[in-house]
Amino acid sequence: MKNDITVQRDTEHVNVPDRYYASLRRGRLSRTLYYSYTEQRTIEEKRVAREDLDIHLRNRPAQLQEAKEKGVKIIGFFPGNYVPEEIIYASGAIPICLVHGGGSDTVDASLEEVPTIMCPFSRAQVGERLLQKTPYYRMIDMLVAPITCQHLKKAAEIWEYHGDIEIFKLGIPHQYDTDFGLQYYVDRVKALKDRVEAITGNEVTGEKLSEAVGLYNRIRDLLRKISLLRRNPHLPIRTLEFLKLNHASFYADPHFMVTTLEAVYEEARNAQQGMDVNMPRLLLLGPNVAYGDYKILELVESAGGEIVVEELCEGTRYYWQNIKTEGDLLQSLATGYLRDRLPCAFMTHSAKRRLDFTLNLVKDFSVSGLIWYDLLNCETYDSESYFFTQRMREHKIPMLILESDYGTLDRGQLRNRIEAFIEQISGVVNHD
Ligand code: SF4
């Protein structure tokens with residue numbers, strides 16, 4: 001760290017920079033100066049953790065390639081929170097959640113093979129398959145495709161049509177809250193276990209599964225703890241940074257991720273200051289925000305607002321619940337992934353649970369407005385936005401509905417609408 005110790009320090013203040021240490025010794029470190037120091041230290045140390053993570057992610061494709069050359073299988077899967085990555089990890093393979101999107105190049109490329117009525121996220125998965133420019137997408141040995149919405153299912157079928165890697169279709173019961181739904185999913189999870197054992201040649205033992213569940217529980221636990229810090233009026237970590245951490249956890253080595261998240265959590269927890277407390281606090285919800293799809297968060301920040309919590313596949317739905325570690329672990333995984341997590345909009349009876357959960361987030365995170373971020377042609381979320389609009393109106397919570405096709409041309413229009421919304425809600429804080 002710049003300005004690090006140049007004089008003898010007592011142990012408590014060994015890393016205090018010179019200009020602050022002198023005031024401290026004289027007993028005259030003012031409150032402002034102290035906050036300035038702790039803030040600088042927090043930013044600096046969080047920056048180091050982030051830089052290490054950036055380096056790790058830059059080197060990750062090469063690391064995976066090296067593992068692949070040694071015979072380790074890389075198993076990709078589509079997001080949505082229905083593929084238990086613990087089973088893949090316990091087989092000795094490396095699980096990678098394929099969640100890139102947000103750019104126009106892949107959605108444009110997909111038009112060679114799919115129509116525009118497919119949602120941009122699913123088209124991005126087709127485009128990635130066709131362009132083969134992202135290493136993660138071209139190095140996987142198998143794709144696990146959860147049968148969730150029609151769009152993602154069709155994207156997997158395009159991959160299957162090309163026929164060069166194995167596709168395992170993981171059936172997901174849309175009646176997630178029924179006993180036969182759970183039984184069906186338990187059966188499919190066992191089939192996944194059999195398949196990964198066959199492809200890797202390794203048995204998924206109880207011991208390995210238990211280790212994997214512990215590891216991924218730790219990641220989810222840390223993400224949740226960091227997330228909850230955002231209830232603080234000073235907001236010690238911005239949501240764009242938090243979402244990027246969440247995305248990184250889909251690609252990074254899980255042990256490395258634990259170390260990074262521990263460092264970020266400690267620093268954010270000890271931060272004395274953060275964002276301006278008077279900034280309008282917003283909740284972002286919708287189907288998903290892909291790795292690279294940061295436009296909305298950036299526009300909100302530049303308009304003077306702040307997303308303080310998100311209800312998305314790559315957000316609360318991923319890390320809010322952990323997997324129970326007692327009893328039959330396959331059964332625990334099935335229950336945890338299917339029942340305990342908030343259901344996506346393609347599930348039957350999903351809206352009420354997500355509505356209630358959203359209202360609790362509004363209260364807990366002192367939110368003053370909602371941004372519903374939809375993707376073009378995502379009909380399940382689009383139709384649910386009606387219920388949310390009605391319910392939020394009853395609770396007098398302003399809600400803005402935005403839609404994206406990952407194009408570059410809509411940025412100006414989105415900016416205007418976000419700025420107008422933030423102006424409208426400035427000063428409104430919901431404590432109901
Ligand atoms: S955005 Fe909607 S349509 Fe697209 S994959 Fe997600 S849930 Fe399916």
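Computed values, structure above
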quantity	calculated
Of all residues in segment 369-406 being assigned to a loop (DSSP other than H, G, I, E, B) and out of contact with any Asp or Glu (no Cβ under 9 Å at 6 or more places or on another chain), the one that is farthest from Val309 (Cα to Cα)	Asp405
Residues being among the charged types (D, E, K, R), under 16 Å from Leu402 (Cα atoms), away from the ligand (no atom under 16 Å from the Cβ) and assigned to a loop (DSSP other than H, G, I, E, B) - total across segment 292-331	0
Any chance Ile158 is more than 30 Å from Leu215 (Cβ to Cβ), within 12 Å of the ligand (Cβ to nearest atom) and of a type in the set (Val, Ile, Thr)	no
Among residues of segment 133-155, those that are of a type in the set (A, V, I, L, M), touching a strand residue (DSSP E or B) at 6+ places or on another chain (Cβ under 6 Å) and within 16 Å of the ligand (Cβ to nearest atom), counted	4
Residue, farthest from Glu85 (Cα to Cα), within segment 342-351, restricted to residues that are out of contact with any strand residue (DSSP E or B) (no Cβ under 8 Å at 6 or more places or on another chain) and within 16 Å of the ligand (Cβ to nearest atom)	Ala351
Any chance Ile199 is outside any loop (DSSP other than H, G, I, E, B) and touching a residue at least 60 places away in the same chain (Cβ under 8 Å)	yes
Flag for Leu130 being within 26 Å of Asp410 (Cα to Cα) and more than 13 Å from the ligand (Cβ to nearest atom)	yes
Yes/no for Glu166 being among the acidic types (Asp, Glu), within 16 Å of the ligand (Cβ to nearest atom) and under 28 Å from Gln132 (Cβ atoms)	no
Residue list for segment 130-159, restricted to those being within 28 Å of Asp382 (Cα to Cα) and of a type outside the set (A, V, I, L, M)	Pro146, Thr148, Cys149, Gln150, His151, Lys153, Lys154, Glu157, Trp159
Failed item in (1) more than 27 Å from Ile140 (Cα to Cα); (2) without any contact (Cβ under 8 Å) to a residue 24 or more places away in the chain; (3) of a type in the set (A, V, I, L, M, F, W, C), with Leu240 passing the rest	(2)
Exclusive hit being in contact (Cβ under 8 Å) with a residue 12 or more places away in the chain, within 16 Å of the ligand (Cβ to nearest atom) and either closer than 25 Å to Val72 by Cα or hydroxyl-bearing (Ser, Thr, Tyr) (or both), set Tyr184, Tyr176	Tyr176
Residues located in segment 244-267, provided they are closer than 27 Å to Asn278 by Cβ, touching a helix residue (DSSP H, G or I) at 6+ places or on another chain (Cβ under 7 Å) and of a type outside the set (S, T, N, Q)	Leu245, Val264, Tyr265, Glu267
Residue within segment 249-266 that is more than 23 Å from Val213 (Cβ to Cβ) and surrounded by 19 or more Cβ atoms within 10 Å (Cβ to Cβ) present	no
Residue ID - modelled with the lowest pLDDT, chosen from residues in segment 378-432 that are on the phi > 0 side of the Ramachandran plot and over 26 Å from the mean Cα position of the chain (by Cα)	Gly427
Residues that are within 16 Å of the ligand (Cβ to nearest atom), charged (D, E, K, R) and either crowded, with 22+ Cβ neighbours inside 10 Å or touching a residue at least 40 places away in the same chain (Cβ under 8 Å) (or both), drawn from segment 357-382	Asp374
Filter pass, Val264 being among the aliphatic types (A, V, I, L, M) and farther than 29 Å from Phe168 by Cα	yes
Among residues of segment 388-413, those that are surrounded by fewer than 17 Cβ atoms within 10 Å (Cβ to Cβ) and of a type outside the set (Gly, Ala, Ser), counted	13
Candidate set: segment 62-77, residues that are small (Gly, Ala, Ser) and either under 25 Å from the mean Cα position of the chain (by Cα) or surrounded by 11 or more Cβ atoms within 10 Å (Cβ to Cβ) (or both); chosen: the one farthest from Val144 (Cα to Cα)	Ala62
Residue check, Lys208 within 16 Å of the ligand (Cβ to nearest atom), surrounded by 15 or more Cβ atoms within 10 Å (Cβ to Cβ) and either in a helix (DSSP H, G or I) or within 23 Å of the chain's Cα centre (by Cα) (or both)	no
Residue that is within 16 Å of the ligand (Cβ to nearest atom), closer than 20 Å to Gly80 by Cβ, in contact with a Leu (Cβ under 8 Å, 6 or more places away or on another chain) and in a helix (DSSP H, G or I), where the choices are Arg339, Arg354	Arg354
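Conditions tested, residue by residue: (1) within 30 Å of Gly327 (Cβ to Cβ); (2) at pLDDT below 95; (3) of a type in the set (Gly, Ala, Ser); (4) in a loop (DSSP other than H, G, I, E, B).
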residue: Arg218; (1), (2), (3), (4): yes, no, no, no
residue: Asp221; (1), (2), (3), (4): yes, no, no, no
residue: Asn232; (1), (2), (3), (4): no, yes, no, yes
residue: Leu243; (1), (2), (3), (4): no, no, no, no
residue: Arg269; (1), (2), (3), (4): no, yes, no, no
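The values are calculated or read from the model by the stated rules, or taken from the named source; none is laboratory data. Keep in mind that this is a model prediction, so the values were computed, not measured. Note that we place each Cβ from the backbone using ideal geometry, even for glycine, and neighbour counts take in every protein chain shown.
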